[in-house]
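The values are calculated or read from the model by the stated rules, or taken from the named source; none is laboratory data. The shown structure was predicted, so the numbers you read here are calculated from the model rather than taken from an experiment. For neighbour counting, all protein chains shown are included, and Cβ atoms are generated from backbone atoms with ideal geometry for every residue, glycine included.
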Amino acid sequence: MADIVSPLDLARQAMAAVKAAADEGEAILRRTQERYRLNLHREAQAECPRLPKPKLIIKPEPQLPEYVLTAADRVNVAAVVAMMKTAHAAKSEGLRKAAYRDVGLHLQELRHNRDPAELKAILWRECGLSVPRAYQLMVQATGTERLDQLRSEDRAPHRKLKASPHQEQRRAHG
């Protein structure tokens, strides 16, 4: 019966072996670090001098906005930001159109009874949108113009600008 070892004794022996191996590994690591650190550290100090401590740069306090957002405004701003992210990430055209329509509806609610300068600040600071883009989305939400019509109108001046130098090059080459 003396030959039978309890599981608790086996666990204790295994723990002792693990501790001994860990101690031996740490000793080997310490010796190796001491050996190589002395040589490398002296060479590094001789080659390059210490850099001066960087000066602390004091950042200015962020200016508080001149407008006050109500709870409904905060909900609309959060919805605009979320829907714009959804529209950018959407792979299907239907989801993208629905997201832009919802953005336009929330922007109309934000615009209601608001000063244009205040609206511009809210759009830029809170939603990350420019005023022309916001009005585009609002027009699209009302359904008076479709997205492809808005895009074609926006791109028409750019097409004219891009076309003229290209045509001049064709004329020059003959």
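For region 118-127, the criterion of being at pLDDT 90 or above, over 23 Å from the mean Cα position of the chain (by Cα) and over 23 Å from Arg74 (Cβ atoms) is met by no residue. Inside region 70-95, can you point out the residues that are loosely packed, with under 11 Cβ neighbours inside 10 Å and not in a helix (DSSP H, G or I)? If the condition is that a residue be loosely packed, with under 11 Cβ neighbours inside 10 Å and not in a helix (DSSP H, G or I), then Thr70, Lys91, Ser92 are the ones that fit.
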